[in-house]
Structure formats: structure tokens, C-alpha cells
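Participant: Would you mind keeping the following structure in view while I ask a few things?
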Amino acid sequence: MTKPGLQLHRGLMLCASIALLFASFIYAIYAANLLAFPYDYDQGEGFELHDTTLLSQFRLPYLDTETYPFYSSNYPPLYHILAAPFVWLFGPAYWYGRLLGFAASLLIAVSIAFAVYRDGHQNRWIALLAGLAFLSSNFVYHIGPLFRQNIMMVAFETVAIVLLARAFPRGDKRGITLALFCLLCAGYTKQMAAITALAAIGWMFLRGPRRALLYTAGFGLAGGLVFLWLDLASGGQWWRQAIVANVNDFLYDQAVGLFRLWFGLHGFLLVPAALMTLVELYADRLSIYSFWFLAAALLGGAAAGTWGAGDSYLVTSIAAACILSGIFFSRLLANAWGPSRILQVLPLARLASLSLLLVPLLYLGYARATLKMPTGGAFAPLAELLGVERNVAFHTRPDAPDFYDSAGWLAGGYARIGYLLTEADHAAGDQIVTYIQQTDKPVLSEDAGFSIVAERDVVTNPTQLRNLYLAGQFAGDELARMIEHQEFGLIILRAQFFPPHILEAMGQAYIHKETIFMNGFDYLLLFPRPGYEPRETA
């Protein structure tokens, strides 16, 4: 290409870099805003914190849900174990779990950049853009700085895959062992990592069956021993709570909606990733990245359609797509496709010059497709310049936060979060805690954070009770009895995820007196109903 063409390429690459760096800047602001918030932002964060607190006391969180406090976790323990030392130093708090999640997302971005640089054509600029592209994803933005285990699982998965990509073909025993250890860590961070483990094992068997059999046996033995220990140590509750309770209904509309949104937001990278997979399939040999991408997209996407799942289930596929597309772009720019005859008849080589413009334009298109940002305050002039305005509304009322999300909050299962919290949210949480402190009785709260701040018992995990109830594993007689006898001084509802008979008991024995709006939700405060007499039991 001519010198003006190269200068145009560099100019467009610089623009793409600025656009994706801006996305990372917004992501960092969002993370900093969440670090200061002492209550649940995403539903379930408080229960993750309580799991961490229990493990810091060397107690497993897989408890009997038929006895007070009716609590149990449905997640593996590793993420909470990693956060447990912070409890010893600082007590129960959200900020360190959110900080761990944010750090994990940065580790993934660095791992992606490293993989693209090493396994592409050592193009530093493309490697940088590939890493930044991961942080720009709306799905990653949602879950990265939360006190949730999803992003930590993806971090372990990504490191494992990047290590295996070189270690296994070379027979590097230390590298393979470390990679499989990371895969084991991913699985005991969240069960969804089984998809990545299957992809990695399948690829290893294609590349070296004997070696794969040896390492897979060791991997399976180690994982099985940990599983057996957890089940024995919890008196069988691990199997019941973490496995049985996680089999939920499949929602077809949710799965389709999330697949469409996934492609609509990330198509600028998904198409090149798919092309790289096709190139490997027909002209080379399938890399572990292609195996990983296909498994994470198809199986992870299907799992995203289950009740309680969402866009976070597709984050692994985004990490794989960032690597594959980055490698594709690097090779396209360098015209480095190897001696394959098949590739000679494809137009890839002819696109080398055109790709100098195409590649940065694709990254720019991706940055625009995944744009999300505040639209008020200091960001108002920039939002006006970019031609975007707030386009989302809160869950329970038409108020619109000053926030633009290119996804539009339309697909079912898409996390309707991302906006910045305000002083009003802090004050609302403090007000709820004040109500808790006014009663000497236990409090039943659908968000654990209020009870944690008030230094009260965390009673139940409603989504876990619902799942166990649907699986025929929860009767709830004692919880229903306590509700009917008004043994809770206050009940706080957010999404009413409790089993139907528990909600019915609440409606009879308690009365809704106040609603407090916080973090985009209406929190219903229920107090004992005056003059209520519990039913006689035989």
C-alpha cells in the first residue's frame, strides 16, 4: 500500500484504540462506583458475600434448608475462598469481591492480548485491541466488577486455554499440569466451566490421544476427589444444593433473545472468529481456540436460556472470539497463511492491502456497537456529541437513569444494570437497615446485604429455595411455621423468588406497609399483620 494508505491505516488504528480505551475508562468508572456501594447491586451478591463469610469461618455454605436459618449456596466454593482472607482483615464487605472481579476481567484481557500476539503474527497493536475489545463487551461490563463468581471462572478458563494451546503440542508437562489445574479451579469456581473442560479435553484427544488420556485421567481423579470431599464434608448437601438445585427450566424466548443480542453486539468480532475457524477446518488444523469458541457459543448460549441464567453465560464465548478474531486480523494484515494450497484459491491473500483499512474499521464498528456510557453530568456534552441519549428505564418504575446502553435492555435474561449509583441509593439502603435495627426479631430479606450491614442473621437464599422446591427437595414446613407465627420482625422482598407456599404464608401473616426504591428496584417492606392468628396444625 502507498504511504498515504499506511498513514490512513495508522490513523484508523489510533481511532479504534481511542474508542476502545474510552470503553475501558467507562468500565473503570463503573467499577469504582460499585466499590463504594455497601449493598446488593446485582441480585445475589449478598449471598456470595455470606458464602465468603462462612468459608472464612471454615464452615461450608451447603446447609440444611429445612432448619433455621434455611440457608444454602448453589455455587462451588473457590471464588469465596479467594475472598475469605479479606473477611479476616476487613469484615464482611462488598468492595473486595468486586475488586477481585474487576482484576479478573483485566487478567482475561491481558491473557487475550498475549495469546493474539503469540499465536497470531506478533502484531502488538492488534493484540492490544483484542484485549480491549473484551473489556468493551456489554456482557463483560455487567458482571466484571460484581461480587459474583462468573468472571473469575472465565479468567481461570482463559488462562488454561492459552497455556494448553502451546503446552500440549510441545508435551510441556509443567504447562499442561498448570493449565489443567486452572481448569479445575474454573470448575470449582462455577459449574459452567464444564463446557470449557469438555472443549479442551476433546481438542487434546485429537492432537495426542495417548497423552490426552493420561492427563484427562489425572484431571478427572483430582476433580472427583474434591467433589467427593465436598459431598462428604457437607453431609450430602453439596450434591443436593450445587447439582440438583441447578437444573432449571429452559426458556426458549430467552435463549433466542440472548443469542440475537450476542450477535448484534459482537458481530464485528464473531464473524472474523468464525472465518478463522473455517480457515483452520479446511486448510489447517483446528486450534484449541476454535474448539473453545464453538463449545462456549453453542453450549453456553443454550445454558443462557435456563431460568436464572443470562448474558453472563456467553462471556466465555466472547473471550474466545476476541482471541480468534485477533489472530485472524493479525494474519490477514501480515498475509501469513502458510503454504496451504486451499488458502491460495481463497481471497484472503488478496485482502492483505484492503485489510489495512478493514481491520481498524471493524474494531471501530465493534466499539460503536458495544457503546455504553452515562449521559448526564460531566458526560452530557460527550453524549450529545456522539448523538446518544439515555435509553433505559428502571425495573419497577418508568424513571430513566442517565445511562445509554446499546443493548437497550430489551432481551429477556439481559442484566438490566450498568448505570451509576447515586447518593439516593445509598440513603435508601441505610433507611432499610434502620428498619431492621428497630426490631429484635430475625429479619427475612431477599437481599442479604441489609442483614449483613445490620449484623443480623442471613436467613434463606430465596432462589435456592425456589430451585429446591421445584426439584422436590424443599418442603419448608419450619420456615412457613415461623412466618405464620410472625417470628420475623420484618420481611423485605425484591423479586419474590420464594416458593409459592412461602409467599402465600407471607401474604397472610404480614402486611405491606412501605416501599423503598433503591438501585432500580422497589423493595417491599412487610410487617406483622395486627390481630393475625396462625392456622391450627394437627
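Participant: So how much accessible area does F291 have, in Å² to the nearest 10, using a 1.4 Å probe?
Facilitator: 50 Å²
Participant: On C-alpha positions alone, give me the angle between the axis of helix 173-187 and the longest principal axis of the chain, in degrees, nearest 10.
Facilitator: 40 degrees
Participant: Just tell me the longest site-free run in the chain, where the sites are GluC sites (Glu not before Pro) in a DSSP loop having at most 16 other beta-carbon atoms within 10 Å.
Facilitator: Result for the longest clean stretch: 67-388.
Participant: While we're here: Would you please give the residues with an amide H less than 5 Å from that of L490, counting only those at least 5 places away or on a separate chain, with H modeled from the backbone geometry?
Facilitator: The answer is L444.
Participant: Can you grab the distance from the C-alpha centre of the stretch 292-314 to the C-alpha centre of the stretch 151-173, Å, no decimals?
Facilitator: The distance from the Cα centre of the stretch 292-314 to that of the stretch 151-173 comes to 20 Å.
Participant: Now for a different question. How far is the Cα center of the stretch 195-237 from the Cα center of the stretch 48-75, in Å?
Facilitator: Comparing the Cα centres of the stretch 195-237 and the stretch 48-75, I get a distance of 26 Å.
Participant: Hey, what do the phi angles of the stretch 297-312 turn into as Karplus ³J(HN,Hα) couplings, whole Hz, using 6.51/-1.76/1.60 and θ = phi - 60°, x for Gly and Pro?
Facilitator: For the stretch 297-312, the Karplus-derived couplings read 6, 6, 6, x, x, 5, 5, 5, x, 7, 4, x, 8, x, 5, 4 Hz, x marking Gly and Pro.
Participant: Turning to a different aspect of this structure: Stretch R170-I18 to full length: gain in nm at 0.36 nm per residue minus the Cα-Cα span?
Facilitator: Fully extending the segment from R170 to I18 adds 50.9 nm.
Participant: Sticking with this structure for a sec: I'd like the FRET efficiency for A217 and Q473, computed as 1/(1 + (r/R0)^6) with the beta carbon distance as r and R0 of 30 Å, rounded to 0.05.
Facilitator: 0.40
Participant: Give me the one-decimal nm value for the distance between modelled label points at A424 and R59, 7 Å along each residue's Cα-to-Cβ direction.
Facilitator: So the two model labels end up 3.8 nm from each other.
Participant: Can you classify the stretch 85-189 as rounded, prolate or oblate using the Cα gyration tensor, where a ≥ b ≥ c are the square roots of its eigenvalues, rounded means a/c under 1.5, and otherwise it's prolate if a/b beats b/c and oblate if not?
Facilitator: Oblate shape, in that a/c is at least 1.5 and b/c is the bigger or equal ratio.
Participant: Projected onto the charge dipole of the chain (+1 at Lys/Arg Cβ, -1 at Asp/Glu Cβ, origin at the Cα centre), which of S17, Y414, L261 gives the Cα projection farthest towards the positive end?
Facilitator: S17
Participant: Quote to one decimal, in nm, the extra length available between L503 and L89 on full extension: 0.36 nm per residue of separation minus the C-alpha distance between them.
Facilitator: Here the answer is 145.2 nm.
Participant: With r defined as the distance between the Cβ atoms of Q7 and V271 and R0 fixed at 35 Å, what FRET efficiency is calculated, to the nearest 0.05?
Facilitator: The calculated FRET efficiency here is 0.80.
Participant: Please compute the Kirkwood hydrodynamic radius over the stretch 14-167, one decimal place, Å, based on all pairs of different Cα atoms.
Facilitator: Answer for the stretch 14-167: a Kirkwood hydrodynamic radius of 16.8 Å.
Participant: Follow-up. I'd like the Karplus ³J(HN,Hα) series for the stretch 154-159: coefficients 6.51, -1.76, 1.60, θ = phi - 60°, whole numbers in Hz, and an x wherever there's a Gly or Pro.
Facilitator: 5, 5, 4, 4, 5, 4
Participant: Which whole-Hz ³J(HN,Hα) couplings does the stretch 233-243 yield from phi under the Karplus relation 6.51 cos²θ - 1.76 cosθ + 1.60, θ = phi - 60°, glycine and proline marked x?
Facilitator: 5, 9, x, x, 6, 4, 4, 5, 7, 8, 10
Participant: Cross-link candidates for K372: which lysines have Cα within less than 16 Å, leaving aside residues fewer than 8 places away along the same chain?
Facilitator: none
Participant: Could you please state, rounded to a whole Å, how far the C-alpha centre of the stretch 380-435 is from the C-alpha centre of the stretch 439-492?
Facilitator: Spelled out, the Cα-based centre of one part sits 28 Å from the other.
Participant: Moving on to the next point. In terms of modelled amide H atoms, which long-range or inter-chain residues lie less than 5 Å from the amide H of T306?
Facilitator: L251
Participant: Now a separate question. Explain nothing, just the number: relative contact order of the chain, from Cα pairs under 8 Å at least 6 residues apart, as a whole percent.
Facilitator: 18 percent
Participant: Per-residue ellipticity at 222 nm for the chain, helices alone: DSSP H runs ≥ 4 residues times -39500 (n - 2.57), over residue total, nearest 500 deg cm²/dmol?
Facilitator: -20000 deg cm²/dmol
Participant: Scan (1) 26.9; (2) 29.4; (3) 24.1 for the value of mean projected area of the Cα convex hull in nm² calculated from this model and give just the label.
Facilitator: Step by step, mean projected area of the Cα convex hull in nm² for this structure corresponds to label (1).
Participant: OK, next. Accessible area of M152, 1.4 Å probe, to the nearest 10 Å²?
Facilitator: Looks like 20 Å² after rounding.
Participant: Angle between the Cα long axis of helix 45-56 and the longest principal axis of the chain, 0 to 90 degrees, nearest 10?
Facilitator: 80 degrees
Participant: What FRET efficiency comes out for the pair L354/F205, r = Cβ-Cβ distance, R0 = 41 Å, nearest 0.05?
Facilitator: That pair, L354 with F205, gives E of 0.60.
Participant: So, one more: Expressed in nm to one decimal, what extension gain is obtained for the pair H485 and A233 from 0.36 nm per residue of sequence separation less their Cα-Cα distance?
Facilitator: 87.3 nm
The values are calculated or read from the model by the stated rules, or taken from the named source; none is laboratory data. Bear in mind that the values here come from a model prediction, so they are computed numbers and not experimental data. With ideal geometry, Cβ positions are generated from the backbone for all residues, glycine too; neighbour counts draw on all protein chains shown. Accessible surface areas use protein heavy atoms only, side chains included; no ligands, DNA or RNA. Shrake-Rupley method; radii C 1.70, N 1.55, O 1.52, S 1.80 Å.
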